[in-house]
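The values are calculated or read from the model by the stated rules, or taken from the named source; none is laboratory data. This structure is a prediction, so every number in the text was calculated from the model and none was measured. Quick reminder, even Gly has a Cβ in these numbers, built from the backbone with ideal geometry, and neighbours come from all protein chains shown.
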């Protein structure tokens, strides 16, 4: 009895990177750890099963909209096993479910700082280490392990630490009363932070496409472009520009090729996101 009480009272520190490390593939069938990690990923991304895109339910933070059948196919489980697994997770307080006739919205319970870090703990070095700390925090934010508020606090700490470093490097002004920061240096510091946040924002937005199907773009490369790499580079530039230019579907320079590429933006984003998941240094 005492053992059960201890098990219930003890909490372990775990974040999504930890579960990513633990997951392992046993044939095609997912383990329970792998299945839970898949739910974490889906909830973080706000995943909606394709045929549920027009469902009237509006997802909130940390939710995904799925079907038991789809999860059974993805995990290579029986539907009854999926239901039993979700029942147990809900009983233990790790998920909540909103059931519909043919689907279920799953809300995953996240701790405020699932990575075990506090905002202050990301900024603990000087010099070049500061940039490493900020990049580490931005990586956590991209993966959904830090909220906007937490990340904003970290950016503010980075900015203040950077200003202090600039002041220390500049020494004292002629009055000897306060540090003098070189003209323009503080503006450059702020721009550096904004640049890093801009790249992180793009990565976070693209990451939401990692569950999408890239097949159509791959077929376009093999069939329409006949496997020509030079043509692929040109097509990729055009498609990426369409994605980055909000509302631009290529109508200004419309052609049969640009019209086709406009329909391939989603699978193109899927390719981008899937590669980014494997190699985070992409950008």
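In summary, residue 282 fulfils each of the numbered conditions (1) surrounded by fewer than 14 Cβ atoms within 10 Å (Cβ to Cβ); (2) at pLDDT 90 or above with the single exception of condition (2). With respect to the conditions (1) modelled with pLDDT under 90; (2) touching a strand residue (DSSP E or B) at 6+ places or on another chain (Cβ under 7 Å), residue 98 falls short on a single one, namely (1).
Could you tell me whether residue 80 is modelled with pLDDT of 85 or more, over 30 Å from residue 150 (Cα atoms), out of contact with any strand residue (DSSP E or B) (no Cβ under 6 Å at 6 or more places or on another chain) and assigned to a loop (DSSP other than H, G, I, E, B)? No.
Would you confirm, using the coordinates I've provided, whether residue 123 is crowded, with 19+ Cβ neighbours inside 10 Å and either in contact with a strand residue (DSSP E or B) (Cβ under 6 Å, 6 or more places away or on another chain) or at pLDDT 85 or above (or both)? Taking the combined requirement at face value, the residue does not satisfy it. The single condition among (1) in a helix (DSSP H, G or I); (2) modelled with pLDDT of 80 or more; (3) more than 29 Å from the chain's Cα centre (by Cα); (4) more than 17 Å from residue 268 (Cβ to Cβ) that residue 222 does not meet is (4). At least 3 residues being modelled with pLDDT of 80 or more and under 14 Å from residue 105 (Cα atoms) is the threshold, and among the helices (runs of 4 or more DSSP H) wholly inside segment 9-76 those reaching it are 32-45, 68-75. Report yes if some residue within segment 237-247 is at pLDDT 85 or above and more than 22 Å from the chain's Cα centre (by Cα); otherwise report no. Yes - at least one qualifying residue is present in segment 237-247. Contact map, segment 200-225: first residue free of Cβ contacts under 8 Å to residues at least 40 places away in the same chain, second residue buried (at least 18 other Cβ atoms within 10 Å of the Cβ), Cβ cut-off under 8 Å, separation 6 or more or different chains; pairs are 221/235; 225/235. The set of residues from segment 84-95 being assigned to a helix (DSSP H, G or I) and either exposed (fewer than 15 other Cβ atoms within 10 Å of the Cβ) or outside the structural domain of residue 39 (by TED's automatic domain parsing) (or both) comprises 84, 87, 88, 91.
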